[in-house]
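As structure tokens, the structure follows; a few thoughts come after it.
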Amino acid sequence: MNIYRNYDYARYAGAIDHSLLRPDLTESDIREGCALAAKYAVASVCARPADVALCSQLLAGTSVAVGTVVSFPHGNSTTATKVFETADALGNGATEIDMVLNIGWLLSGEIGLVEDDIAAVVKAADHHIVKVILENAYLTDDQKVAACKACEAAGADYVKTSSGFAPSGATLADVRLMRASVSPKVKVKAAGGVRTLVALADMIDAGVDRCGATATAQILDDFKARAQ
């Protein structure tokens, strides 16, 4: 079995949510991205909401899940809008939801409102995977911890570092803090800036289960070149 830094190909590929979120992506780009995700057998694609139906069609019969984003990237939609977006995404074939929490409420100390907002999306997701984006670039460590605890209390499956569209993305320090702030039943996703096999290995070592990536082919081709 080929291994790099204690992990095999399935562990690396299974950690990647291939990101198809850039606003300038064309239909051709979406088709190519889904083909790439299927070729490399990654965990999922994370697509723009309007592309979910197409991605679901393209990835039918593969092991690649279709995820999408809710209230992305700022998190400031009303709870009712987030619930609608979630139900709409599931109706179009998504099985994973990456929602942005209400950053303004969190910064205001309204933790109860943040938790209720997340819980409403978890309920609407109807047992499908929900990952909650904290957007750590705007938060203190205490706020990150509070957000993690609110996510777990609300029933979320993952806490996620960032959208990839804020001033900074995932850091190892944040991943370690988030991993320590939730119980083992809640997983951690990194996003933003993880573009190499070495960086992905570092994230997994720090406690990441999933990682958003656009450099999927480069990362996994590098594994094939390095693995022994």
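Values quoted throughout were computed directly from the atomic coordinates according to the rules given, and no laboratory measurement underlies them. Quantities reported herein were computed from a predicted structural model and do not represent experimental measurements. Backbone-built Cβ (ideal geometry, glycine too); neighbour counts: all protein chains shown.
Spelling out what I want: for every residue of segment 197-206, take phi, set θ = phi - 60°, compute 6.51 cos²θ - 1.76 cosθ + 1.60 (Karplus), and round to whole Hz; glycine and proline get x.
4, 4, 5, 5, 4, 4, 5, 5, 4, 7
For the pair ARG176 and ALA87, how long in nm is the line joining their label points, each one 7 Å along Cα→Cβ?
It is 4.4 nm.
Return the distance in nm (one decimal) between the two label points of a simple spin-label model at ILE3 and ALA153, each offset 7 Å from Cα along Cα→Cβ.
Simple spin-label model gives 4.2 nm for this pair.
Mark the label point 7 Å from the Cα of ARG48 along Cα→Cβ and return the residues of segment 55-87 whose backbone N is within less than 11 Å of it.
Output list for this probe position: empty.
Divide by every residue of the chain the summed helix terms, -39500 (n - 2.57) for each DSSP H run of at least 4, and state the resulting mean residue ellipticity at 222 nm, rounded to the nearest 500 deg cm²/dmol.
Helix contribution divided over all residues of the chain: -13500 deg cm²/dmol.
Applying the Karplus parametrisation 6.51 cos²θ - 1.76 cosθ + 1.60 with θ = phi - 60° to the phi angles of segment 84-92, what ³J(HN,Hα) value in whole Hz is obtained for each residue in order, glycine and proline being reported as x?
Listing the rounded values in order: 4, 4, 5, 4, 5, 5, 5, x, 8 Hz.
What does the net charge come to around VAL52 if you take all other residues with beta carbon closer than 11 Å to its beta carbon, with K and R at +1 and D and E at -1?
The answer is -3.
Please report the relative contact order for segment 3-226, taking Cα pairs under 8 Å with a sequence separation of at least 6, and give it as a percent rounded to a whole number.
Once divided by the residue count of segment 3-226, the mean separation gives 18 percent.
Most exposed first by the Cβ proxy, i.e. fewest other Cβ within 10 Å, how do TYR7, TYR138, TYR12 rank?
Starting with the residue having the fewest Cβ neighbours, the order is TYR138, TYR7, TYR12.
For ILE129, what residues show an amide H to amide H distance below 5 Å, using hydrogens built from the backbone and excluding near sequence neighbours?
HN-HN under 5 Å from ILE129: ILE97.
Whole-Hz ³J(HN,Hα) for each residue in segment 169-176, computed from phi via Karplus 6.51 cos²θ - 1.76 cosθ + 1.60 with θ = phi - 60°, x for glycine and proline: what do you get?
So the J values, rounded to whole Hz, are x, 6, 10, 5, 4, 5, 4, 5.
Using a Förster distance of 25 angstrom, determine the FRET efficiency expected from the C-beta separation of GLN218 and ASP141, and round it to 0.05.
Result of the calculation: an efficiency of 0.20.
Would you mind calculating the relative contact order of segment 1-112 from Cα pairs under 8 angstrom and at least 6 residues apart, reporting the percent as a whole number?
In percent, rounded to a whole number, it is 21.
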